Structure formats: C-alpha cells, structure tokens
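For reference, the structure discussed in these notes is given below.
The values are calculated or read from the model by the stated rules, or taken from the named source; none is laboratory data. Note that this is a predicted model, so its numbers are computed, not measured. FYI the Cβ positions are ideal-geometry reconstructions off the backbone, even for glycines, and counts take in every protein chain you see. Ligands, DNA and RNA are excluded from the accessible area calculation, which covers all protein heavy atoms including side chains. Shrake-Rupley method; radii C 1.70, N 1.55, O 1.52, S 1.80 Å.
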Amino acid sequence: MRDRRNNTMTGYGRERERRRRSRALLGVGFVVLLGASLSLRTGVVPVVAVLAGALVLAYVIANVLLWRDKRSELRRRAAGAPPSWPAQLPIQMAQLLGVKAPGQHARRVDEVGELLGRLSLIDGELNWQPREADRKRGAGTFVFDRSWSAEVVPIWGPGSQGCLTLTRPDGTAVDLWIRHPADLRATLQPV
C-alpha cells in the first residue's frame, strides 16, 4: 500500500517530516538510554514511575493547550470572523510566491524554515497572513485563489498537526503546516 502523504507533499515537506521523525526517534532513544542507566542506580520502579508521570503531564498539557486553541477559534467564529487555522509557510515557498519575508530571511535564497502565520478562508479563497511581529517587519500576505487545489493530510504526532498541500494548475505546489487538519478538511469540503 502506498503512503498517501508522500504523494501529496512536496519534496520539502517529505524532507521536513523525515527530519522530524529522525529527531523524535533520537529523543526516544536518549530517554531509553537515560532511563536504563538511571535504573541501574535507583531501580526500575522509580524510573518507570517518573517517566510515566512525565508522559501523563505532557499529554495533559498538550490537550489543555489544544482545547484552549479550539475554544478561542469557536469564539472567533461565533463573533462572525472567518474560519482560520494556525499555519506555517516555508520560507523558500514564500519567496517563490513573491511573499516578502521579514529581516534576514528576505536576503537568503536557500533559507530553511517556516514563517508563522494564520490561514483564513475568506469568500472561498485561502488567505495566509504572517504573525503580527513579521507583518511589522514587512512580511507580506498571500491569497490562494480558487484555482489552487487543496489536499489535507494529518501528520502523526502531538498537537493535531497536518499538512495542507496546495497545487496551482501549472504544477506549482506549496506545503503549509497547519493545526486541526480535520477541521480544515471539513471546512474545505463544501468550497
């Protein structure tokens, strides 16, 4: 069976996810080695108890933050604001699309990383805006009009993450890293 994510993401997106998985595996390996070395000194039970407590605490904190984010978005929509999602636009793609990147990012062509921002659905078009601090430093916005086709893929990991791949009819593809991919997919269905 073919992995759908590899068919929809750009090369940049696949490389970013590969790096993220590698870092996660290295982190897990480090925790296992640290736990094993500590268990030799203190015993297995205290180490397992501390690791389990840390995992539960991380899970609870992540869910509280996601819950607050969802509640905030529901309040925004109830007040009449258009639907929106936190989104990261790769700097290389921003430069390709003509979006002015802030500060030092504007001078480097081979920049790796993402610009933080928000994706909004306004009149059937997706509008990406950088965060306020980047807007003050001269970063621009970009509107993905109706000619762009959208594919939303959830990504494994904490924080309800996803990849939105937008493709223009000429073949130009852009990955945006979003939060709450299921909500975005459901919102884009009628459009």
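The string of couplings for segment 172-188 from the Karplus curve (6.51, -1.76, 1.60, θ = phi - 60°) is 5, 10, 10, 9, 10, 8, 10, 9, 6, x, 5, 5, 4, 4, 5, 6, 7 Hz, one whole number per residue in order, with x for Gly and Pro. Per-residue accessible area (protein heavy atoms, 1.4 Å probe) orders LEU55, LEU119, LEU188, LEU40 as LEU40, LEU55, LEU188, LEU119, starting from the largest. Per residue, the average separation of C-alpha pairs within less than 8 Å and at least 6 apart gives the chain a relative contact order of 18 percent. By its C-alpha gyration tensor, with a ≥ b ≥ c as the square roots of the eigenvalues, how is segment 132-174 shaped: rounded for a/c under 1.5, else prolate for a/b larger than b/c, else oblate? Taking the square roots of the gyration eigenvalues as a ≥ b ≥ c, segment 132-174 is oblate. Under the convention that each Lys and Arg Cβ holds +1 and each Asp and Glu Cβ holds -1, the size of the dipole of the chain around its Cα centre is about 420 debye. Note on SER149: accessible area is roughly 60 Å² with a 1.4 Å probe, heavy atoms of protein only. Of TYR59, TYR12, the residue with the largest accessible area leads and the full order is TYR59, TYR12 (1.4 Å probe). Would segment 1-103 count as rounded, prolate or oblate if I go by the C-alpha gyration tensor, calling it rounded below 1.5 in a/c and otherwise prolate when a/b exceeds b/c, oblate otherwise? Since a/c reaches 1.5 but b/c is at least a/b, the shape of segment 1-103 is classed as oblate.
Semi-axis lengths, largest first, of the ellipsoid equivalent to the chain are 35, 21, 17 Å, with √(5λ) applied to each eigenvalue of the Cα gyration tensor. Note on ARG14 and LEU55: with the Förster distance fixed at 22 Å, the Cβ-Cβ geometry gives a FRET efficiency of about 0.15. Segment LEU38..SER72, full-extension length gain: 8.1 nm, with 0.36 nm per residue of separation and the alpha-carbon distance subtracted. The length gained on full extension between LEU26 and LEU116, counted as 0.36 nm times the residue separation minus their Cα-Cα distance, comes to 29.8 nm.
Excluding the site residues themselves, the longest part of the chain lacking any trypsin sites (Lys or Arg not before Pro) in a DSSP loop with at most 11 other Cβ atoms within 10 Å is 3-106.
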